[in-house]
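The values are calculated or read from the model by the stated rules, or taken from the named source; none is laboratory data. Remember, it's a predicted structure, so these values are computed and weren't measured experimentally. Note: ideal-geometry Cβ built from the backbone for every residue, glycine included; neighbour counts use all protein chains shown. When the accessible area is computed, the model is the full protein with side chains, heavy atoms only, and any ligands, DNA or RNA have been set aside. Shrake-Rupley method; radii C 1.70, N 1.55, O 1.52, S 1.80 Å.
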Amino acid sequence: MNDLQIDYFMAVATNSSFTKTSEELFVSQPAISKQIALLERELGVKLFIRNNRRTELTEAGKRYFDFFSRYKTEMGNIKHEVSELDGITAQTITIGILEGWDFASWLTNAIKKYRDSHGYVDILINYVGAKEVSTLLLTDEIDIAISLKNTFDTFAEIESRNILETRKKLVYNKQNILAMKENLSPADFANEKFFAPWSIMDDTVTKSINMYMQPYGIRPNIQFVNNFESMINCVRYNLGVAICDEFTGYLNDKNLESIDLQEKEFICAGMIKNSTNDEVRELYDLILSCSADS
């Protein structure tokens, strides 16, 4: 058993998909399957049940997922504690942000305040897809995540706090034939294709988009693409519309217009619940504070 096998196991369990995990980690699906098969052989149990739509944990798999989650947290904690035995040691904190968002107006201030007193800590920003966020937190690829509230809700290992409320927007091209209509309403886009940024069709995404458009009597025709940038570019090329929110950086694009929807959502900051890494905790608290002041 090794950490690579554990990371693959946790990623597949989080994604409920070998295919999605393969895309996420840039590793071939057979390679992931082989490592998990070796892990199952060593543990002497079947970890997953596979069917046509999803990959689900067995009862044994659920117990090992809980155990490995605790193991990853404790390993991170002990590494941090040991590194402090010889005094201050340089480290890197990685913040994962849901792709498309622009928080420069307040996050830059939080980072500056932190670096003023923690100059020995490097900070990196990685933009990631919504399906990746929890996986990357659980496998220690990122230390702090900023994403939609529902990203974290199902994981007991992750603590999260609401930091911002955001209104959903329907984004369309300025050359769309509907753009010239007076008193334009979301209901006017009933016949448009709605693009969404996930390469694997996800019931949660479909339900969310349907919920956003339900007040306008629309059941959207949803087309999934590989990522957020692909979604936005489909709108930029006037191939259809998309649903974003007010913190989406692309709203300033000269080719795009947007219209407010009724729906609002919470944006959260999250980190591993039982982490004893004081530096990560302090930056997390600063993010909470600075976002509240924005």
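Going through segment 199-258 one residue at a time, which ones are assigned to a loop (DSSP other than H, G, I, E, B), of a type in the set (S, T, N, Q) and closer than 16 Å to L98 by Cα? Correct list: S199, N226, N227. Among residues of segment 110-151 being more than 14 Å from the chain's Cα centre (by Cα) and assigned to a helix (DSSP H, G or I), the one that is nearest to V280 (Cα to Cα) is Y114. The set of residues in segment 156-188 that are under 19 Å from I209 (Cα atoms), in contact with a strand residue (DSSP E or B) (Cβ under 8 Å, 6 or more places away or on another chain) and assigned to a helix (DSSP H, G or I) contains only P186.
Selection of segment 58-83 for residues being at pLDDT 85 or above and of a type in the set (A, V, I, L, M) yields only A60. Of all residues in segment 14-57, none satisfies the criterion of being touching a Leu at 6+ places or on another chain (Cβ under 7 Å), charged (D, E, K, R) and at pLDDT below 90. Number of residues in segment 212-249 that are under 20 Å from the mean Cα position of the chain (by Cα), closer than 15 Å to L261 by Cβ and not acidic (D, E): the value is 6.
Is it the case that Y172 is of a type in the set (S, T, Y), within 23 Å of F103 (Cα to Cα), surrounded by 19 or more Cβ atoms within 10 Å (Cβ to Cβ) and touching a residue at least 40 places away in the same chain (Cβ under 8 Å)? The answer is yes for Y172.
Under 24 Å from N162 (Cβ atoms), crowded, with 16+ Cβ neighbours inside 10 Å, free of Cβ contacts under 8 Å to residues at least 60 places away in the same chain and among the polar types (S, T, N, Q): which single residue out of S275, S291, S258, S208 fits that description?
The unique qualifying residue is S208.
Within segment 139-148, the set of residues being modelled with pLDDT under 90 and open to solvent by 30 Å² or more (accessible area, probe 1.4 Å) comprises D140, E141. Only one of the listed residues (T154, T166) is of a type outside the set (A, V, I, L, M, F, W, C), surrounded by fewer than 21 Cβ atoms within 10 Å (Cβ to Cβ) and more than 27 Å from F68 (Cα to Cα). That residue is T166. One residue stands out in segment 121-138 among those that are touching a Lys or Arg at 6+ places or on another chain (Cβ under 8 Å) and buried (at least 19 other Cβ atoms within 10 Å of the Cβ): the one that is nearest to T206 (Cα to Cα), namely K131. Do we have V280 as within 30 Å of K112 (Cα to Cα) and of a type in the set (A, V, I, L, M) here? Taking the combined requirement at face value, the residue satisfies it.
Does D102 fit the bill of being charged (D, E, K, R), more than 23 Å from W198 (Cβ to Cβ), modelled with pLDDT of 85 or more and under 22 Å from the mean Cα position of the chain (by Cα)? Criteria not met by D102.
Only residues that are assigned to a loop (DSSP other than H, G, I, E, B), surrounded by fewer than 20 Cβ atoms within 10 Å (Cβ to Cβ) and not β-branched (V, I, T) were counted in segment 6-58, giving 9. The single condition among (1) farther than 20 Å from W198 by Cα; (2) open to solvent by less than 60 Å² (accessible area, probe 1.4 Å); (3) within 23 Å of the chain's Cα centre (by Cα) that G61 does not meet is (3).
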